[in-house]
1. Does TYR108 count as in contact with an Asp or Glu (Cβ under 8 Å, 6 or more places away or on another chain) and assigned to a helix (DSSP H, G or I)?
2. Given the criterion more than 20 Å from the chain's Cα centre (by Cα) and either closer than 22 Å to ILE142 by Cβ or not in a helix (DSSP H, G or I) (or both), identify the matching residue among TYR201, TYR156, TYR184.
3. Scan region 102-135 for residues that are touching a residue at least 12 places away in the same chain (Cβ under 8 Å), polar (S, T, N, Q) and surrounded by fewer than 22 Cβ atoms within 10 Å (Cβ to Cβ) and report the count.
4. Which residues, counting only those in region 118-154, are farther than 12 Å from PRO168 by Cβ and hydroxyl-bearing (Ser, Thr, Tyr)?
5. Which of (1) within 28 Å of GLY190 (Cα to Cα); (2) at pLDDT 80 or above; (3) in a helix (DSSP H, G or I) does ILE60 not meet, given it meets every other one?
6. All but one of (1) over 26 Å from ILE10 (Cα atoms); (2) out of contact with any Gly (no Cβ under 9 Å at 6 or more places or on another chain); (3) open to solvent by 30 Å² or more (accessible area, probe 1.4 Å) hold for SER80, so report the exception by its number.
7. If I filter region 175-193 down to residues being aliphatic (A, V, I, L, M) and surrounded by fewer than 17 Cβ atoms within 10 Å (Cβ to Cβ), which single residue comes out as farthest from GLN128 (Cα to Cα)?
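The values are calculated or read from the model by the stated rules, or taken from the named source; none is laboratory data. All values reported here derive from a predicted model rather than from experimental measurement. Here Cβ is always computed from backbone atoms with ideal geometry, including for glycine, and neighbour counts include all displayed protein chains. We work out accessible area using only protein heavy atoms, side chains counted, and drop any ligands, DNA or RNA first. Shrake-Rupley method; radii C 1.70, N 1.55, O 1.52, S 1.80 Å.
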Amino acid sequence: MKEQMNQNRIYYEFTGYFFLAILFVFFPFILRGNGLISLADGYNQAYPVFVYSKQFWKSILSGNVKMFDPCVGLGEDVISYLSVHGFFNPIQIIMGIIFPKKMSELAYALSVIGQLYAAGITFLIYIQRYIKRRQLCIAGAILYTLNIYSFFNGIYFPSHLFPMVTFPLLLKGVDDICKKEKQYSLCVIGALAIQGMNGYYFLYMEVIITIIYFTIKEMILEKERNIKEII
């Protein structure tokens, strides 16, 4: 029990530092009473789609599903259009279902923060194999979650934050395959599956980078293995 608590200590400490950093970063928003809905595409696309997806999931749970809606995309294939905007994003689903419609703006903001937090957790899961100092791991996770990309892209489109969650899991899965010589990894399968359900835009990027990462590890770091074994 004590050993398990020591292993989880890094996640507890990261949680504290993360929310302190969030309060510091978003303090001007809190002071002014502003939300995290950006102008232009954020206001016209990301937030309306989030609200629509929220109601769509509730209609699925109630057994009342419509696959045609002239208000979405070209009017048909509603789920395919919504998936590009994070329809199958578990964090957005949870926030959308928990909060009532009148609190949609709060749910939207929490989905942004929730994805940043989840990205930090998956980064810690990956990086601990290489860095043993807890403080350095936590600092890396904070920098990974709160950066230029997350501020100027993720806030505009929260669905663009989710690849930050899945990517460290892909790398960890590759490490597991290389180190333990497994033929498959649940981290890889799960990350690719959930990213694939949320559109191909980031999926192909993650696949290409993962292949490069795997190739570098196997051909440079594991020189004793030949091409046939790698394939």
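1. Details: in contact with an Asp or Glu (Cβ under 8 Å, 6 or more places away or on another chain): no; assigned to a helix (DSSP H, G or I): yes.
Spelling it out, it is not the case that TYR108 is in contact with an Asp or Glu (Cβ under 8 Å, 6 or more places away or on another chain) and assigned to a helix (DSSP H, G or I).
2. After ruling out the rest, the residue left standing is TYR184.
3. Within region 102-135, residues that are touching a residue at least 12 places away in the same chain (Cβ under 8 Å), polar (S, T, N, Q) and surrounded by fewer than 22 Cβ atoms within 10 Å (Cβ to Cβ) number 2.
4. TYR149, SER150
5. Tallying (1) within 28 Å of GLY190 (Cα to Cα); (2) at pLDDT 80 or above; (3) in a helix (DSSP H, G or I), ILE60 fails exactly one: (2).
6. Evaluating SER80 over (1) over 26 Å from ILE10 (Cα atoms); (2) out of contact with any Gly (no Cβ under 9 Å at 6 or more places or on another chain); (3) open to solvent by 30 Å² or more (accessible area, probe 1.4 Å) leaves (2) as the failure.
7. Going through the qualifying residues, I end up with ALA193.
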